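*Asks:* A single structure is presented below for examination.
The values are calculated or read from the model by the stated rules, or taken from the named source; none is laboratory data. Here the structure is a predicted model, which means the values were calculated and not measured. As a convention, Cβ positions derive from the backbone with ideal geometry for all residues, glycine included, and neighbour counts pool all protein chains shown. Quick note on the areas: whole protein, heavy atoms, side chains included, nothing else; ligands and nucleic acids left out. Shrake-Rupley method; radii C 1.70, N 1.55, O 1.52, S 1.80 Å.
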Amino acid sequence: MKKTSLLLIAISLILCSCVKDPQNDWNRFYDFTQADVVGHFEANPDESLYEELPTEGVAVYDNATMDVTAVGNNSISLHIIIPGRVNKTFSGSLTASSDITLTNIINDLNKEDIMMTVYKNGKGQVRFHGRVKRYYYRIDSETQNKYLYRSENWGFDVIKQE
């Protein structure tokens, strides 16, 4: 009985050590160039990315598309569409990091931005994972200070198409 138990434990350990964890082939892409991010992007087909996020009010949409065009030296114009949710254009300069952040000021009490991390895999594909956010501010009647009272978030995960 003792030999059988030890044999079962040994077999279990061998089988467990043979099961490989899925490899994440995407790594943050530092020092990307304008040419690396210019192009057409479609929603990432990996459905596991679209599970509900733990942060209330933040969803990652599985139908986002994006077009990025070059504007001048090291600047881009980015048009993102999430059907029924977002149809926005953002423009600005690229910075030396693995992130892109672009902001639109709508008026004194409203602004929106897009923030995303740039990834690259072993096949040379480029991917953006991030969100569009709209901020709504109010003015406190007593202090006249502006404060954020509400925001909306729309998440996305897109891959550059070749």
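*Asks:* In whole Å, largest first, what are the principal axis extents of the Cα atoms in segment 66-162?
*Replies:* 57, 31, 20
*Asks:* Taking 0.36 nm per intervening residue step and subtracting the Cα-Cα distance, what contour gain separates THR103 from ASP140 on full extension?
*Replies:* Answer, rounded to one decimal: 10.9 nm.
*Asks:* Turning to a different aspect of this structure: Quick one: 3J(HN,Hα) in Hz for segment 116-125, Karplus 6.51/-1.76/1.60 with θ = phi - 60°, rounded, Gly and Pro as x.
*Replies:* 8, 9, 9, 10, 9, 10, x, 8, x, 6
*Asks:* Sticking with the crude label model, points 7 Å out along Cα→Cβ, report the distance from ALA70 to ASP31 in nm, one decimal please.
*Replies:* Result for the modelled spin labels: 2.0 nm.
*Asks:* Keeping all protein chains in position, work out how much accessible area ARG85 exposes to a 1.4 Å probe, and write it in Å² to the nearest 10.
*Replies:* Accessible surface of ARG85 is approximately 140 Å².
*Asks:* Continuing with this model, one more query. Efficiency by 1/(1 + (r/R0)^6): what FRET value for HIS40 and ALA96, r their Cβ-Cβ distance, R0 = 30 Å, to the nearest 0.05?
*Replies:* 0.75
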